[in-house]
Amino acid sequence: MYDINQIRADFPILSREVYGKPLVYLDNAATTQKPLCVLDAMREEYLNVNANVHRGVHYLSQQATDLHEAAREKVRQFINADKIEEIVFTRGTTEAINLVASSFCDSQMKEGDEVLVTEMEHHSNIVPWQLQAQKRGIIVKHLHITDDGRLDISPLLSPDSCLLTARTKLISVTHVSNVLGTINPVKEIIEIAHQHGIPVLVDGAQSAPHMKIDVQAMDCDFYAFSGHKMYGPTGIGVLYGKEEWLEKLPPYQGGGEMIDKVTWERTTFERLPFKFEAGTPDYIATHGLAKAIEYIESIGFDAIQKHEQELTYYAMEQLQTIEGMKIYGSPLPTSPLWEEPWLHDAVISFNVGDIHHLDLGTLLDRLGIAVRTGHHCAQPLMDRLGIQGTVRASFALYNTKEEVDILVAGIRRVSQMF
């Protein structure tokens, strides 16, 4: 049984009101709410186990270190990494991608070499590569999308492709679009890339909260995700990297924690993964992330996926009954998503008639409905779609069909005003 009432009780913020209306929180692709078990665990550590990790011989430091490294092992199990050394803690997906961009380009790329991204990337997987292009003269290319929001990977299969060349040194691709909800065929992309000896970085910010991730089965070389999008605290994220690649890459930052020996003449670096973790880590947040993973696992990904798929299908079905509704991305399937290959995640972006997305989002907010408006940090995708922005509703394990009904009724009410 998927006890939605019990699940919602774990998130006290969901019972509050906004402007005198019950909160309907549909901005989960931006950040999720946190269950009490995560908040309680972090508070408990601050109250009773607060000490810097890895550096102290005293009891509190040892205890904090144990919790911090237990969190690393929990993450390893969560994504099925082969070794704990392959789990690097970062501040989030953005820092993880910047780490790879900086260290990979520093050691593996030279002027004229190419990195391939896609037209549906978040700015976090575009701008770091552009910064490297300005510094080092590398070239950033991108795969296009189809009119229905799918990634067109046919250029990767063409022997005459101008996108996949001898100068292509890395492919960096989002697993799930934060705008369209499209689930990309990353395993197929990785297989093609590896046939050409090209490593692949997967942006998993929007996939890790919604589906079981197995980095070994996927065979990606790097995988990045954030804690705050999967019911954990802000300011903590993970970079998975195959050991062979992490060994090749130089450190991203310098400082304490990541060194082996420092002299005036030279510095040698700590073993993996600490080589990439300069400074005091957010060991409270890593503990919170571990608790968030435990919470997800206590419900089970099969149950979460079924619930979110049903909710997404229902929402797409109901939204399309609204006059002037335009949903961006893949159309409504001919049958519920769980009866077909799951190609759409729990994100729906839309506009209604001539109503500006900001106006629609602002007026929905007055009805207690929290949605996202704007370009969603994906301006190149907006240009491809020929729009300035959208309204985005995104779902999580605690959302309900009743909330979808409130959203639909709210949009109808706003539409009548215009």
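Results, tabulated for the structure shown:
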item	result
So Arg55, is it in contact with a helix residue (DSSP H, G or I) (Cβ under 8 Å, 6 or more places away or on another chain), part of a loop (DSSP other than H, G, I, E, B) and open to solvent by 50 Å² or more (accessible area, probe 1.4 Å)	yes
Condition check for Glu44: over 30 Å from Arg392 (Cα atoms), part of a helix (DSSP H, G or I), open to solvent by 70 Å² or more (accessible area, probe 1.4 Å) and at pLDDT 95 or above	yes
Options Asp365, Asp383: the member that is free of Cβ contacts under 8 Å to residues at least 40 places away in the same chain and assigned to a helix (DSSP H, G or I)	Asp383
Hits in the range 198-220 (condition: more than 15 Å from Trp245 (Cβ to Cβ) and surrounded by fewer than 20 Cβ atoms within 10 Å (Cβ to Cβ))	Met211, Lys212, Asp214, Ala217
Criterion (among the acidic types (Asp, Glu) and more than 20 Å from Ile84 (Cβ to Cβ)) met by exactly one of Asp260, Asp302	Asp302
Of residues in the range 325-359 being closer than 18 Å to His307 by Cβ and open to solvent by less than 20 Å² (accessible area, probe 1.4 Å), the one modelled with the lowest pLDDT	Leu337
Residue in the range 72-92 that is exposed (fewer than 15 other Cβ atoms within 10 Å of the Cβ), aromatic (Phe, Trp, Tyr) and at pLDDT 95 or above present	no
Among residues of the range 183-193, those that are in a loop (DSSP other than H, G, I, E, B) and open to solvent by less than 40 Å² (accessible area, probe 1.4 Å), counted	1
Sole exception among (1) in contact with a Lys or Arg (Cβ under 7 Å, 6 or more places away or on another chain); (2) closer than 27 Å to Glu297 by Cβ; (3) not β-branched (Val, Ile, Thr) for Leu163, by number	(2)
Residues (in a helix (DSSP H, G or I), surrounded by 15 or more Cβ atoms within 10 Å (Cβ to Cβ) and β-branched (Val, Ile, Thr)) located in the range 1-41	Ile4, Ile7, Val38
Residue list for the range 137-180, filter: charged (D, E, K, R), buried (at least 16 other Cβ atoms within 10 Å of the Cβ) and closer than 21 Å to Gly112 by Cβ	Lys141, Lys169
Scope the range 361-396; condition β-branched (Val, Ile, Thr) and open to solvent by 10 Å² or more (accessible area, probe 1.4 Å); matching residues	Thr362, Val371, Thr373, Ile387
Helices (runs of 4 or more DSSP H) completely within the range 64-182 that count 2 or more residues being in contact (Cβ under 8 Å) with a residue 60 or more places away in the chain	93-108
Residue pairs meeting the criteria (Cβ under 8 Å; at least 6 apart or on separate chains; first closer than 11 Å to Ile322 by Cα, in the range 404-418; second in a helix (DSSP H, G or I) and of a type in the set (S, T, N, Q))	Val408/Gln318
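The values are calculated or read from the model by the stated rules, or taken from the named source; none is laboratory data. Remember, predicted model here, so these are calculated numbers, not experimental data. Neighbour counts run over all protein chains shown; Cβ positions are idealised from the backbone, glycine included. Side chains are part of the model used for accessible areas, which takes the heavy atoms of the whole protein and leaves out ligands, DNA and RNA. Shrake-Rupley method; radii C 1.70, N 1.55, O 1.52, S 1.80 Å.
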